[in-house]
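Since the structure comes first, as structure tokens, the remarks are kept for the end.
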Amino acid sequence: MSAYDTDNIFAKILRGEIPAIRLYEDEDTLCFMDIMPRADGHCLVIPKSPCRNVLDATPEQLAAVIKTVQIMSHAVMSAFDADGVTLQQFNEAAGGQEVFHLHFHVLPRHAGLSMRPPGTMAEMDVLQAHAEKIRAALG
Ligand code: AMP
């Protein structure tokens, strides 16, 4: 497995070098909107410390991230009046990973509604409006 690349896009978001629509953070984790959402409210939870994925993460990094994933799962359920939540997490290119900083996808889901196909950039004002709803649900 390759070494952690400090220039991956999520490392740049953590350093404030590129923008992100931030929803929640604590000492160890950050959550922000996915720019190509496969469902309204699709967001990503990452650790603030470096690791590529589940394969090199410490138990402490995983524990911190899952705690925030649960917080965000409740928030998106409430914000979008969802029926369920899908969590996705990919490891290495062969496992479907494209950005090599550990992240969990949190997707609110509605009964009978499929996820959108990947790869379509959202309108920023729509993403901002969705982020506002999630922040409100976080209280
Ligand atoms: P994967 O590594 O396969 O889990 O995919 C990376 C995810 O990051 C995709 O869902 C992208 O839409 C998302 N993504 C890529 N760049 C950004 C960015 N600058 N801000 C927010 N989400 C991003």
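Okay, here's what the table says:
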| item | result |
| --- | --- |
| Local electrostatic count at SER78 - Lys and Arg +1, Asp and Glu -1, tallied over other residues with Cβ under 14 Å | -1 |
| Helix 59-79 vs. the chain, principal-axis angle (Cα, 0 to 90°, nearest 10) | 10 degrees |
| Rounded tilt (10° steps) of 124-138 against the dominant C-alpha axis of the chain | 90 degrees |
| Added length on full extension, which subtracts the Cα-Cα distance from 0.36 nm per residue, LEU62 to GLU25 | 11.8 nm |
| Residue-count net charge about SER49 - beta-carbon cut-off 14 Å; Lys, Arg +1, Asp, Glu -1 | -3 |
| Separation of the LYS12 and ASP125 label points, Cα + 7 Å toward Cβ, nm | 2.6 nm |
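Only the coordinates and a few stated rules stand behind these numbers; no lab work does. Note that this is a predicted model, so its numbers are computed, not measured. Glycine gets a Cβ as well: all are built from the backbone with ideal geometry, and neighbour counts include every protein chain shown.
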